[in-house]
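As structure tokens, the structure follows; a few thoughts come after it.
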There are 2 protein chains.
Amino acid sequence: MSVTFAFKHEMEASVKKRRSNVVLALDLPLQKRGELLSKTISILDDVHPFVCAVKLGYHSVLTLGPFDHLQKVLTLADDYELPTIMDCKLNDVGHVNKAMADLFFKVGFKAVTANPFIGWEEGLQPVFEVAHRNGRGVLILVHMSHEGAAEGYGRLIWDQEAKKAVPQYVIFARKALSWKADGAVVGATFPKRIKEMRDILGDEVPIYSPGVGAQGGRAEEAVRAGARYLIVGRAITLAKEPAEAAKALKSSIARQFSALT
Amino acid sequence: MSVTFAFKHEMEASVKKRRSNVVLALDLPLQKRGELLSKTISILDDVHPFVCAVKLGYHSVLTLGPFDHLQKVLTLADDYELPTIMDCKLNDVGHVNKAMADLFFKVGFKAVTANPFIGWEEGLQPVFEVAHRNGRGVLILVHMSHEGAAEGYGRLIWDQEAKKAVPQYVIFARKALSWKADGAVVGATFPKRIKEMRDILGDEVPIYSPGVGAQGGRAEEAVRAGARYLIVGRAITLAKEPAEAAKALKSSIARQFSALT
């Protein structure tokens, strides 16, 4: 089986071209299909010069219809040469995960997100196979951004062999490495953990950091801690001037990256 | 806020009426929308007298379109007085989970499944609120059915206060109880764990057991261990005669329940 990591390269090419590390989370509040389409398109039109990729979630995909209006959004993103990520957080049994990944890649997405909690065998293995056979990406949730994330991702796991407790997110980061994930998602609301994760992941598995803005995470802090991409939704999509908000974020993040080098 | 647990009662009423504890997992292999609709409808027509509820997953819902062909399937299930469960395994941040639950309840589903790993605060709390305010149900994944499930659900979690390690699925079962879940999902492929879970959950949170048939779980064993509902997909949907397969399963499960009383 030939395996490619095209998605990782696409992302870096996009960053280089646009000088932006902002991934736009383009999920708007629930509304009627037609309105959702026109608002989604309008924000993408406004914001595209300031972002390096677009992420969509289930509620947009379901409302727009994957074989229907969604195609217009994905085609527009393609026209702007923006990679698209389906944030489906796969966490089902293997044959279902594979069916979902097949569907999302067929629809046009370049990468999917997945929950490592589901495990490898009959879990995520079939997803990695189909992704890397087709030059698509899999991003692994290592530590999410919400308050309750610590309940799951932050728990201490008893390591029978080492006779010691290890945080769940450390175990997930090691899985991201050994599974050759194309990215690891770590919440901007937990900057200390981003740093810990970066020490494990190095440059091998880039960190995507959500939770900037509406959830209280600070983009600059996440960058200093080691995040490579900042996932930003409502701080852009619900701003009075989405383009201005995206531009300002792009610039302040770029300054932070310059300060690091 | 008035809270109702109507879904639990609906399920028991359906079992009583049909003398079946089989929940039909009605997800067929990926195919074109029109074909999928006619096959889905045809199986439901054949099988409805032998099952007590219908469960659908993302790949059916996405392919059929939630506001489109899916409506025909849900209306038919309603006509047959079969409760419908959306197996979305919610595992996102709170505002996304809530948007998804809102969407699925609006579309017509009576219950959703959710991954407790995501936690309560800004996690599943908003889902339970919207469900129980509207007489809908939330089923919690306590231990899934696939081989790799042990990697996540089976891990030992270090309990700092008690100074001992506790299996993840035990912690999830306790959450299912304290969150007042309408059901707990425990794989039929792990019958010993069903028994452990039943000891914790009692009659308060009924156990739904997937993995019967195609994944190797045995329905009778799951019932003896304490499962209340058996979730069966491919063993019925891919059978030469789905109605015959469902009828045979229904009967052998009913015999097992009789033997227990």
Just need a number here: residues in the stretch B:93-116 that are within 7 Å of chain A (Cβ to nearest Cβ) and touching a Lys or Arg at 6+ places or on another chain (Cβ under 6 Å).
-> 1
Conditions: (1) at pLDDT 95 or above; (2) open to solvent by less than 10 Å² (accessible area, probe 1.4 Å); (3) farther than 18 Å from A:Val185 by Cα. A:Gly94 meets all but one. Number of the miss?
-> (1)
Scanning the stretch A:117-158 residue by residue, those out of contact with any Phe, Trp or Tyr (no Cβ under 9 Å at 6 or more places or on another chain) and more than 8 Å from every other protein chain (Cβ to nearest Cβ) turn out to be A:Pro126, A:Val127, A:Glu129, A:Arg133
Within the stretch A:77-96, the residues that are under 18 Å from B:Cys88 (Cβ atoms) and more than 17 Å from the chain's Cα centre (by Cα) are A:Asp92, A:Val93, A:Gly94, A:His95, A:Val96
The one condition in (1) at pLDDT 95 or above; (2) out of contact with any strand residue (DSSP E or B) (no Cβ under 9 Å at 6 or more places or on another chain) that A:Lys163 fails to fulfil = (1)
Are any of the residues in the stretch A:194-216 facing chain B (nearest Cβ under 10 Å) and surrounded by fewer than 24 Cβ atoms within 10 Å (Cβ to Cβ)?
-> yes
Flag for A:Ala239 being touching a helix residue (DSSP H, G or I) at 6+ places or on another chain (Cβ under 7 Å), surrounded by fewer than 24 Cβ atoms within 10 Å (Cβ to Cβ) and modelled with pLDDT of 95 or more | yes
Could you tell me whether any residue of the stretch A:99-117 is acidic (Asp, Glu) and either in contact with a strand residue (DSSP E or B) (Cβ under 9 Å, 6 or more places away or on another chain) or under 27 Å from B:Tyr169 (Cβ atoms) (or both)?
-> no
When residues of the stretch B:17-69 are limited to those that are buried (at least 17 other Cβ atoms within 10 Å of the Cβ), small (Gly, Ala, Ser) and part of a helix (DSSP H, G or I), the one farthest from the other protein chains (Cβ to nearest Cβ) | B:Ser60
Please determine, by comparing only the residues of the stretch A:97-121 that are under 18 Å from A:Ser14 (Cβ atoms) and open to solvent by less than 10 Å² (accessible area, probe 1.4 Å), which one is farthest from the chain's Cα centre (by Cα).
-> A:Phe109
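The values are calculated or read from the model by the stated rules, or taken from the named source; none is laboratory data. In this text, all values refer to a predicted model and were calculated from it rather than measured experimentally. All Cβ positions, glycine included, derive from the backbone under ideal geometry; neighbour counts span all protein chains shown. We work out accessible area using only protein heavy atoms, side chains counted, and drop any ligands, DNA or RNA first. Shrake-Rupley method; radii C 1.70, N 1.55, O 1.52, S 1.80 Å.
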